[in-house]
Structure formats: structure tokens, C-alpha cells
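These notes are about the structure you will find just below.
Bear in mind these aren't lab numbers, they're just calculated from the coordinates by the rules spelled out. Given the structure is predicted, the values throughout are model-derived calculations rather than measurements. Note that we place each Cβ from the backbone using ideal geometry, even for glycine, and neighbour counts take in every protein chain shown.
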Amino acid sequence: MNFNWTEDESAFRKELRAFLDALVPADYDAFALGEHEWAANSKRFCERLAERGYLTPSWPAEHGGRDASAFEQVIVAEEMVLHGEPRGLQYMSVNYIGPTIMMAGTPEQKAYHLGRISRGDVLWCQGFSEPDSGSDLASLRTRAVSDGDEFVINGEKIWTSGADVADFCFLLARTDPDAPKHRGLSLFLVPMDTPGLEVHKVAGVVGEGAFHYLVFTDVRVPASALLGKQNEGWSLVRRALVFERVGIAKYARGNRYLDRFMAWARAHGRDTDPVIRRQFAEAAAAQEMARILAMKVADERVKGRPDSPVAYVYRAASVRAERLAMELGIELLGLDSIEENSLADRQMRWGMTAGVAGGSAEMQLNTIAQQVLGLPRAS
Amino acid sequence: MTDLDVDRDELRAAARDMLGRASTSARVRELADTPDGFDENLWRLFAEMGLPGIEVSEDFDGAGARFGDLAVVLTELGGHLASSGLAATTVLGGGALAAVPGHTLARDWLPRIASGTARASSALLSPEGEPGSPGLRASRTADGWRISGASGYVPDAGIAELLMLRALGDDGGELLLAVDRDTPGLTVMPTPMLDITRRFSDIAASDLVVGDASVLAAGAAAASAVRLLLDRAALAAAADALGVAQHMLDMTVEYAKTREQFGRAIGSFQAVKHRCADMFVAVTTARIALAEALAAYDAAPADATAAVSQAKAYTCDAAAQVTEDGVDLHGGIGFTWEHDAHLLLKRARLDQALYGDSRTHRRAAADLAWVPAAG
């Protein structure tokens with residue numbers, strides 16, 4: 001392949017892989033476990049990763065990192081995925097919640113939160129979506145009203161992964177109901193044990209208790225919980241999500257499934273079936289395209305072009321790759337693929353949710369059409 | 001991580017600028033009505049820019065650049081619906097001779113190719129266009145070979161002075177030969193294609209007798225040279241298709257911004273917007289897949305086959321889809337002869353079918369990725 005890992009990068013991967021091999025049980029899959037189980041494991045694993053400098057290598061040294069390149073972040077993402085994501089949802093705090101706090105936090109917020117995130121002993125959940133605000137996120141209605149040196153929060157959040165085990169919520173709420181919808185939003189760092197904050201389970205297909213519904217009733221947080229300037233939360237979230245794009249390596253997970261499907265096909269004499277071989281070739285090519293695009297996203301980051309449209313293309317290509325891997329599993333295993341805990345079960349779940357999780361695929365297409373191609377908005 | 005982008009912007013801009021002026025839609029259509037589709041003026045411009053010799057070694061008066069540089073030019077040719085023998089001469093002509101740099105014929109012809117004073121092409125496929133085995137047969141004579149049989153879809157054979165022939169010898173080994181196009185016993189018959197922007201011929205050999213001096217390579221050396229030529233041809237088709245797809249994307253987005261229905265630009269409708277965005281995703285992914293395969297080829301040509309097959313199938317399928325979408329999104333005007341949409345669609349379809357279709361390449365990629373199925 002044309003982009004060759006440098007010697008240092010290869011050495012880093014080798015060292016990280018050896019460490020993870022020893023630390024994480026073979027066939028570990030955080031998202032196949034109950035929430036409390038993966039969360040307990042996550043803190044145990046991440047504290048060990050942090051001790052060795054593997055949790056936040058791409059962070060600046062002053063915040064507990066060592067200024068490693070975006071490519072090392074890619075290596076971390078790939079190796080974590082290949083080991084069943086031992087970080088659990090801590091990948092979110094490392095990839096974008098921490099970097100957003102670096103960008104906009106007060107010295108106190110940085111000292112407290114970045115310290116905890118880089119030590120691996122804190123779990124965050126993301127409070128963005130609401131029952132009536134999905135793709136149209138900026139229409140959200142959860143209110144945060146300033147009251148002396150506190151904010152009072154009322155409203156509902158939904159599809160929140162990890163809320164039952166999280167220590168903090170990265171919350172987007174409306175602070176100015178009279179401003180245009182994108183201009184009245186603010187970000188808050190809310191402790192999950194604050195009185196008035198209730199967590200309810202929403203049964204999802206990806207795993208028992210993976211989603212939650214949060215109800216905020218007169219939840220009082222100090223003014224120091226506000227991240228960045230009041231009413232400037234939207235632009236901060238947009239910049240935060242740019243950070244999120246480096247460091248997600250679903251193709252590595254997809255390739256792991258393709259390897260398993262291949263081994264199964266060989267063991268069952270299906271590897272000569274031309275239909276299976278063709279489907280395998282298509283699925284493998286899609287994973288490879290996603291991988292190359294991930295490298296390109298990291299490359300754009302290194303070159304100081306974090307807003308490059310390649311990031312949107314990467315997302316779209318990842319969805320396709322997830323689906324093709326799922327379809328291969330179904331074709332190969334037939335009825336067995338629908339059985340719980342079958343070889344294809346996990347990939348089925350990833351494939352099913354791929355088009356929605358992390359923002360719908362259609363919204364990505366709108367963004368490409370409007371921001372990259374310059375096509376006009378609807379109204 | 002080593003750099004992903006080799007900077008070829010200058011070359012791209014120069015080729016684009018030249019072709020934008022010399023290969024207009026009107027000119028492409030004029031050439032379509034000529035017997036050999038050859039544009040003397042365009043060829044002169046190619047030569048002035050040094051394009052025929054871009055990849056030829058400096059030992060033979062070329063620029064000594066990489067195949068990846070040539071591919072940038074090929075993509076611009078596709079985007080401007082241009083041909084005039086440049087792809088055939090560089091990818092297949094110069095490519096075959098460069099595989100045997102010590103050969104007298106390479107020393108004779110490569111400087112002429114580099115200076116733009118000669119054109120060449122290669123006959124690699126069966127009469128049906130299959131890359132798997134040659135359609136020409138060679139039987140040993142006392143001091144050379146007697147060639148018979150046929151080969152299909154030879155690009156720009158009609159305007160080439162030198163033709164490379166791939167043949168299967170009666171000893172079971174492959175041969176790669178070089179002959180003057182006008183050698184007695186060799187017939188070149190134009191094959192009209194739906195893609196009217198390029199020219200292909202069938203060639204037939206009957207009692208074509210060549211001396212040993214015409215043999216560029218034999219046996220294993222010939223087989224590996226042919227393998228490389230087929231990979232080059234596949235990459236060239238993909239590079240061409242990428243240019244075609246990019247042109248269709250640009251044209252379609254422009255149309256969606258200006259064409260109004262129901263009182264607003266059709267590009268403001270999500271049904272249109274999403275198809276344009278899908279086209280962009282396909283073109284961007286194809287560009288990166290092709291760049292990856294080109295870099296693999298330039299780093300180690302013999303080890304690049306899996307990446308080449310993957311990129312050929314992906315890029316050409318993407319171009320076929322993008323050109324179809326583009327025709328659709330242009331509505332009725334897209335179905336007219338006067339509009340360029342059909343020229344792009346047909347060129348993309350030919351790229352997809354040439355030098356191994358997508359099914360063939362995907363199967364090859366699976367065989368390489370997935371230990372070959374027994375038997």
C-alpha cells in the first residue's frame with residue numbers, strides 16, 4: 001500500500017497490541033456485555049491504558065498526552081476495535097469531549113475534567129438528541145435558565161448510550177429561546193448524580209439497556225458547569241464533531257467479522273461458492289475503501305484541513321461497508337444468522353444501526369450537497 | 001505515516017488547461033466523424049508538453065516520471081473526452097518497450113515515442129476482449145515465428161506505427177512481439193464502438209512471419225511483461241473513468257443549480273440533492289482507491305495486482321453509476337445527441353468493460369485476498 005507506516009508507528013502498534021493482548025481477554029466485545037459490566041471493565045482497562053500512555057497519546061503533553069499524530073490516533077482506534085473496544089464509551093471522551101474542553105474550558109474545568117479523562121476513571125454520556133429533535137438537532141427544547149450563579153435545567157434527552165453508568169453528561173441545552181435556533185444553545189458539563197436528573201432505559205437492538213431516556217426536572221448546576229460562552233454551544237458542537245471523525249475505525253471491526261465469516265466458510269466448504277466469493281470481495285473492498293478514507297481523514301487533519309469533505313465521505317463509506325459485511329453474514333449463515341449470539345449476530349446489529357448512529361446517513365448527504373457541492377437549501 | 005499526496009497539481013492543471021482549449025465538445029464531435037479519430041493538432045500539443053515521453057526513461061530522452069504522473073494526464077483525457085493515441089502509445093506502447101530496456105527495439109523506438117514522432121499500441125486480448133489468454137498463436141520457423149489468429153479491441157491500432165503482439169507459442173510459452181503495423185500478413189480492422197470518442201480495432205494475423213529480432217520477450221519474461229501491461233491497462237481505464245465521472249458530477253451539479261422547476265432550482269430538492277451527494281461520495285472514494293493502487297504500482301509493479309483489481313472494479317463501477325445518474329438528473333436534455341451526457345456514459349461503460357470487467361477483477365481480488373479456493 002502506498003502510505004507506509006513509519007518505523008515508529010509500527011513499533012507503537014506492536015507495543016500497544018502486545019499490551020492489549022495481555023490485558024484484554026480474547027474475543028472480548030464490550031458492546032455484547034451488559035452496561036454495568038462493560039463500564040466496570042472500561043474503568044479497569046482505561047486506568048491501565050492511561051498508566052502506559054495509551055489512552056490519550058494524541059492529546060497535548062500539558063493535558064496528559066504526548067502530542068502524537070492523528071495517525072497514531074488511527075492506530076489506537078484500530079487496535080481498540082480489534083480488541084473489542086475495551087475503552088467502552090470512554091472513546092468518546094478521549095476523541096472529542098476532552099478536546100472540546102481543551103478548546104473552550106476554563107482553567108478549572110480543564111484541570112478537573114481533562115485530568116480525570118486522561119486518567120481513565122470517568123465515564124461520559126452525550127446529551128444531544130431529544131424525542132422531537134433528531135436530525136434537526138438545533139431545534140432542541142431542553143431549557144437551561146440562568147438563576148443567580150446557577151442554571152436550572154428542564155427537559156428530556158433520548159438515545160443516550162451509557163447514561164446509567166456515566167459520571168457526567170455532555171449536555172446541549174437552550175439558553176436563549178428568542179434567538180434563531182442555532183444561536184440560543186449552550187454546552188454544559190453536568191454531573192449525573194445531580195438531584196432532579198432521572199435515567200430511564202430504552203430497550204435497543206444493539207444490547208440490553210444500551211440506550212436511555214433522560215428527564216431533567218429543575219436540575220440545578222453551578223454556572224461553572226457552562227462550557228464555553230453562553231449561546232455559543234452550536235458552533236462548539238460542530239467543531240467537537242470534527243474531532244470525533246478521526247479515531248473511529250469501524251472498518252477494523254468489519255474486517256474482524258469478514259475474517260470470522262471466511263474461516264466459517266472454509267470450515268463448512270462454502271469458500272468455493274462463487275456467490276459467496278463475490279460478496280466477500282465486495283464487502284472486503286468496501287472495508288478497504290473505508291480504511292483508505294480513514295487514513296485520508298487523518299492525513300487532512302495532519303495537514304491542518306480538519307473540515308475536509310473526505311470526513312463526510314468516510315462516514316458514508318463506513319455505512320456501506322457495515323451493511324455489506326452484514327449481508328455477507330446473512331447470505332453465509334442463512335437462518336442461523338438470525339439466531340441470538342450467532343456468528344453474524346453482532347454484525348447484524350452494527351449493520352442495522354449504521355445508517356442512524358452518530359447522525360443519519362441522509363443528513364451526511366445533505367451536508368455534502370449543501371456545503372461541498374453548493375446546492376441550495378430547500379427554502 | 002509517509003505522505004499520502006504526491007503533488008501533481010501542476011501537471012494536472014497544465015493538462016486540463018491544454019485540453020480545455022484543444023478538446024472542446026465541438027472538436028470531439030468533429031473527430032467522431034473522421035475515419036481514425038485522430039487530431040493532428042492535439043497530438044502536436046501532447047508532444048510539445050512532453051506527454052508521450054512522460055514516463056519514458058531519461059536514458060531514452062523521456063521525462064522519467066512515474067506511471068502515477070501519466071495517470072493524472074489520462075484522467076484529464078477522460079474528463080475531456082480526448083484520445084488521439086496518447087493512452088495507447090504511453091500505457092501499452094511505451095509500457096511494453098520499457099519492460100525490455102536492453103532490447104534493440106526499445107532503444108530504437110522509445111526515443112521516438114518520447115519525442116512524439118511515433119505512436120504505438122499493444123494487442124493483448126482475445127478476439128472477445130478477454131485478458132485471460134491471447135488470441136494470437138505463434139509457431140516456430142527456422143529463423144523466427146509464424147503468427148496466426150486474431151486479437152480484439154486494440155486501441156488506436158489504426159494510427160500506430162508499431163504494434164506489440166501477445167501470442168501463445170506452440171511450445172506453450174507466451175511471446176511478446178513488436179511489428180510494424182504495415183507488415184504483410186497483419187490486418188487492422190476498425191471496430192465501431194458506442195463510445196465514439198475513441199478508436200479500437202480488431203487485428204488478424206495470417207501467415208505473418210516475424211524474425212527473432214521482433215521478439216521482445218518469451219516464456220516467463222513475456223508472461224510477466226504481459227501481466228504488467230494488463231495491470232497498466234486496467235489502471236489506465238480506471239484513470240480515464242475517474243475523469244469521466246468527475247466531469248459528469250461537475251456538469252450535473254451545475255445543472256441542478258441552474259435548472260428550475262416548481263419555481264426553484266431542482267438541486268434544492270432532497271431527491272436530487274442526495275443523488276448528487278452519492279455521486280460525490282462515489283467519485284471521491286474512487287479517486288482515493290485509484291491513487292492507492294497507482295502508488296502501489298509505482299512502488300512495486302509486480303506486487304500491485306490486488307490493489308489494481310480492486311481499484312479497477314471500484315472506479316469503473318462508480319463511473320458507470322455516476323454517469324447513469326447524471327443522465328437521469330439532466331432529464332430530457334440528457335437523452336439528446338447534442339448533449340455530452342451520453343458521450344460520458346458510453347465512455348464510462350467502455351472503460352468498465354475493457355481489460356477485465358468488474359466481475360473478473362473482483363474475482364481476482366477475492367482470489368488474492370482469500371486463499372484461492374481448492375481446484
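Miscellaneous remarks
- Under a 5 Å amide H cut-off, with hydrogens placed 1.01 Å from N, residue A:142 pairs with A:156, A:174 among residues at least 5 apart or on other chains.
- Exercise: per-residue mean of other protein chain Cβ atoms within 10 Å, B:258-266: 1
- 3J(HN,Hα) from dihedral phi, the stretch B:119-136, Karplus parametrisation 6.51/-1.76/1.60, rounded to Hz, x for glycine, proline: 10, 8, 7, 10, 9, 10, 9, 6, x, 8, x, 7, x, x, 9, x, x, 9
- Placed amide H near residue A:211: partners under 5 Å, 5+ positions off or other chain: A:202, A:204
- All Cα-Cα distances of chain A, cut into 20 Å bins from zero to the largest, leave 27, 59, 13, 0 percent in each bin in turn.
- Screening chain A for DSSP H helices whose Cα atoms reach 15 Å or more along their own axis and whose mean Kyte hydropathy is at least -1.0 gives A:7-23, A:70-82, A:233-245, A:250-267, A:274-302, A:310-333.
- FRET E, pair residue A:183, residue A:26, Förster distance 51 Å, beta-carbon r, rounded to 0.05: 0.50
- Debye, to nearest 20: dipole size of the stretch A:302-364, +1 on Lys, Arg Cβ, -1 on Asp, Glu Cβ: 520 debye
- Within the stretch B:295-375, chymotrypsin sites (Phe, Trp or Tyr not before Pro) in DSSP loop having at most 11 other beta-carbon neighbours inside 10 Å: B:337
- Note on residue A:15/residue B:300: beta-carbon distance plugged into 1/(1 + (r/R0)^6) with R0 of 22 Å gives a FRET efficiency of 0.20.
- Highest-fluctuation residue, A:163, A:144, A:26 considered, GNM on chain A with Cα pairs under 10 Å: A:26
- Distance from the stretch A:300-358 to the stretch B:275-295 (C-alpha centre basis), Å: 18 Å
- Cα-based Rg and Dmax for the protein assembly as shown, where Dmax is the largest Cα-Cα distance (Å): 29.6, 105
- With respect to chain B, whose longest principal axis is taken over its alpha-carbon atoms, helix B:220-258 is tilted by about 20°.
- Check: the stretch A:249-372 dipole with +1 on Lys, Arg Cβ and -1 on Asp, Glu Cβ, in debye: 460 debye
- Segment residue A:136-residue A:267, extension gain: residue separation times 0.36 nm, minus the distance between their alpha carbons: 42.4 nm
- Arranged from fewest to most other beta-carbon atoms within 10 Å of their beta carbon, A:31, A:168 become A:31, A:168.
- Scanning residues 5 or more positions from residue B:216 or on other chains, those with amide H under 5 Å from its amide H are B:176, B:177, B:178, with H placed 1.01 Å from N in the peptide plane.
- For the stretch A:293-379, the alpha carbon positions stretch 46, 37, 18 Å along the principal axes, listed from largest to smallest.
- Look at the dipole of the stretch B:155-246 built from charges on Cβ: of B:187, B:176, B:234, the Cα furthest out on the positive end belongs to B:234.
- Cα-based helix-to-principal-axis angle, B:9-22 vs chain B, degrees rounded to 10: 80 degrees
- Cross-link pairs beyond the 27 Å C-alpha cut-off, checked among A:296/B:312; A:229/A:250; A:250/B:257; A:43/A:303; A:43/A:250; A:181/A:250: A:229/A:250; A:250/B:257; A:43/A:303; A:181/A:250
- Relative exposure of A:314, A:257, judged by other C-beta atoms within 10 Å (fewest first): A:257, A:314
- Directionally averaged projected area (convex hull, Cα atoms, the stretch A:7-122), nm²: 6.8 nm²
- Spacing of the two label points (7 Å from each Cα toward its C-beta) at residue A:103 and residue A:356, in nm: 2.7 nm
- Estimated from helices alone, the mean residue ellipticity of chain A at 222 nm is -13500 deg cm²/dmol (sum of -39500 (n - 2.57) over DSSP H runs with n ≥ 4, per residue).
- For the stretch B:122-217: rounded, prolate or oblate by the Cα gyration tensor [a/c cutoff 1.5]: prolate
- Average beta carbon contacts from partner chains per residue of B:269-278, 10 Å cutoff: 6
- HN-Hα J in Hz across the stretch B:305-318 - Karplus 6.51, -1.76, 1.60, θ = phi - 60°, x for Gly and Pro: 4, 5, 5, 5, 4, 4, 5, 4, 5, 5, 5, 6, 5, 4
- For the stretch B:195-350, averaging the sequence separation of C-alpha pairs within contact (under 8 Å, six or more residues apart) and dividing by the residue count gives a relative contact order of 30 percent.
- Residues in the stretch B:149-157 carry Karplus couplings, in order, of x, 8, 9, x, 6, 7, x, 6, 4 Hz; the curve used is 6.51 cos²θ - 1.76 cosθ + 1.60 with θ = phi - 60°, and Gly or Pro positions show x.
- Helix axis angle, B:270-299 relative to chain B longest principal axis, alpha carbon, degrees: 30 degrees
- The stretch B:131-200 and the stretch A:1-69: distance between their alpha carbon centers, rounded to Å: 57 Å
- Sorted by Cβ neighbour density within 10 Å, fewest at the top, the residues A:202, B:56, B:100: A:202, B:100, B:56
- Contact order relative to length of chain A, as percent, for alpha carbon pairs under 8 angstrom and 6 or more apart: 14 percent
- Percentage relative contact order, chain B, counting C-alpha pairs under 8 Å, at least six apart: 15 percent
- Think of it as helices only: each DSSP H run of n ≥ 4 in chain B is worth -39500 (n - 2.57), and spread over all residues that comes to -16000 deg cm²/dmol at 222 nm.
- Average other protein chain Cβ within 10 Å of Cβ, residues B:285-293: 5
- Efficiency of FRET from Cβ geometry, residue B:32 and residue B:133, R₀ 30 Å, rounded to 0.05: 0.35
- Here the mean projected area of the convex hull built on the C-alpha positions of chain B is 19.9 nm².
- Computed extension length for residue B:212-residue B:44: 57.1 nm, one decimal, from 0.36 nm per residue of separation with the Cα-Cα distance subtracted.
- For residue B:63 and residue B:187, the difference between the fully extended length at 0.36 nm per residue and the C-alpha to C-alpha distance is 41.3 nm.
- Peptides ranked, highest mean first, by Cβ atoms within 10 Å: ranges A:299-305, A:280-286: A:280-286, A:299-305
- The stretch A:217-298 shape via C-alpha gyration tensor axes, a/c threshold 1.5: prolate
- Placing unit charges on each Cβ (+1 for Lys and Arg, -1 for Asp and Glu) gives the stretch A:63-146 a dipole about its Cα centre, and among A:137, A:84, A:103 the Cα reaching farthest toward its positive end belongs to A:103.
- The charge dipole of the protein assembly as shown, taken about its Cα centre with unit charges on the Cβ atoms of Lys, Arg (+1), Asp and Glu (-1) only, comes to about 780 debye.
- Centre separation in Å (Cα based) which lies between the stretch A:142-163 and the stretch B:1-63: 61 Å
- Ranking A:371, A:335, A:252 by Cα position along the charge dipole of the stretch A:249-372, where only Lys, Arg, Asp and Glu carry charges on their C-beta atoms, puts A:371 farthest toward the positive end.
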